[in-house]
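Trainee: First the structure, then my questions, so here it is.
The values are calculated or read from the model by the stated rules, or taken from the named source; none is laboratory data. Since the structure is predicted, the reported quantities are computational estimates derived from the model, not experimental observations. Ideal geometry is used to build each Cβ from the backbone, glycine not excepted, and the neighbour counts take in all protein chains shown. For the accessible areas, the whole protein counts, side chains as well, though only heavy atoms, and no ligand, DNA or RNA atoms are used. Shrake-Rupley method; radii C 1.70, N 1.55, O 1.52, S 1.80 Å.
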Amino acid sequence: KEETEIKADSIVSGDKLETAQTLAKEETETKADASNLNGVTLYWAKGSQKSAESNGKSGNYGLNFNNRHFPPDARTDCWFCLASPTCEKHLIVTVFDECYVAMPKGAVNEFHSLIVPVEHGGDGAFVTKKLHPEMETVKSKLRTHARTALQKDLFVFERCIQTKGGYHTHVQCIPVEAGSGPTIQSKMLEMSVRSGFQLREITSELSLNALEEDWSAGYFYVEIPLGGGDEYRRFIYRAGDASGNEQGSSRAHVPLQFGREVLAEVLNKPEIGHWKACVVSKENEEELTASFRTSLASLSS
């Protein structure tokens, strides 16, 4: 499918814009009524560091991710809806029929991109049948760009698990050094065990939406590059699946920045573990996006 020209007012139809805005407003988090706590005395008990690190399962991965604190986001609308008044359209690289490619805030590197469905929704991009054909085409294009223009492989993952303010699914695509796939895989599996969940390899060639019907509980999906061409290994963790958790409970937690934290440890660069530590100026973002757009378009010329 051919890419369309990027015009903010014509990316989606009026109906889609109205629907996206309505859904974003409905997902704004409301404060719970605390009037029934009048007269209640609360006590705070400090936990021990020794207890938190029992069985060698510290959540810091040796890079002290949890020691860095960032202010909460003030935005209450959906970050990725093109109809949102605060959607940062200057980060958009190119637009297709069902999805668009954009640079993220706080990118890991200058060609880190997101594949984002145009329509708002909490269902994962890889399990939505309507999106699947175009998602695969766009992903393949980004993988080809990484290999031919950058001489790199592409690390792809999606954390499709609901967050407090609602969720608009998106897929992370990060160019990594060619041949680094095995190292990333080893570190990723090690860190998932530390976090209490287990990633399982998908040996079937079927897509996720063909493997299972119901993915409503959420999942973490990853594609590890094997180097050379479009070859990669696939891994999945299905949220709520007790058999995939280290302690057999359904309460395992996939860290919000897990994919980035894996790269942070592989590269020994703790600063890339959280997007807020990598944010640059808007002027810099515009330059990076324009450069990416030109580089990606060169594949078709």
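Trainee: Write out, first by first residue and then by second, each pair whose Cβ atoms fall under 7 Å of each other, whose residues are 6+ apart or on separate chains, and whose first residue, in region 141-155, is closer than 17 Å to V101 by Cα while the second is open to solvent by 40 Å² or more (accessible area, probe 1.4 Å) and among the charged types (D, E, K, R).
Mentor: Close Cβ pairs (under 7 Å, with a partner that is open to solvent by 40 Å² or more (accessible area, probe 1.4 Å) and among the charged types (D, E, K, R)) amount to R143/D230; A146/K152.
Here is a yes/no grid of residues against (1) open to solvent by less than 60 Å² (accessible area, probe 1.4 Å); (2) modelled with pLDDT under 85:
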| site | (1), (2) |
| --- | --- |
| T183 | no, no |
| L208 | yes, no |
| F220 | yes, no |
| I224 | yes, no |
| G227 | yes, yes |
| G240 | yes, yes |
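Trainee: So which residues in region 168-180 are at pLDDT below 95 and open to solvent by less than 20 Å² (accessible area, probe 1.4 Å), if there are any at all?
Mentor: The answer is H168, T169, V171.
Trainee: Hey, can you tell me all the residues within region 120-136 that are of a type in the set (D, E) and at pLDDT below 80?
Mentor: Answer for region 120-136, where residues must be of a type in the set (D, E) and at pLDDT below 80: just D123.
Trainee: Condition first: open to solvent by less than 40 Å² (accessible area, probe 1.4 Å), in a helix (DSSP H, G or I) and either within 20 Å of G218 (Cα to Cα) or basic (K, R) (or both). Now tell me which residues in region 102-140 satisfy that.
Mentor: A125, F126, V127, M135, K139
Trainee: Same structure, new question: Yes or no: E190 open to solvent by 50 Å² or more (accessible area, probe 1.4 Å), within 21 Å of V138 (Cβ to Cβ) and either assigned to a loop (DSSP other than H, G, I, E, B) or modelled with pLDDT of 95 or more (or both)? Don't jump to the end; show me each part of the working.
Mentor: Details: open to solvent by 50 Å² or more (accessible area, probe 1.4 Å): yes; within 21 Å of V138 (Cβ to Cβ): no; either assigned to a loop (DSSP other than H, G, I, E, B) or modelled with pLDDT of 95 or more (or both): yes.
In short, no.
Trainee: A further question on this structure: Can you name the residue in region 243-297 that is modelled with pLDDT under 90, of a type in the set (S, T, N, Q) and in a loop (DSSP other than H, G, I, E, B) and is also nearest to K187 (Cα to Cα) among such residues?
Mentor: Here the answer is Q247.
Trainee: Still on this structure: What's the total number of residues in region 195-242 that are under 30 Å from A149 (Cβ atoms) and either small (G, A, S) or part of a strand (DSSP E or B) (or both)?
Mentor: Number of matching residues: 17.
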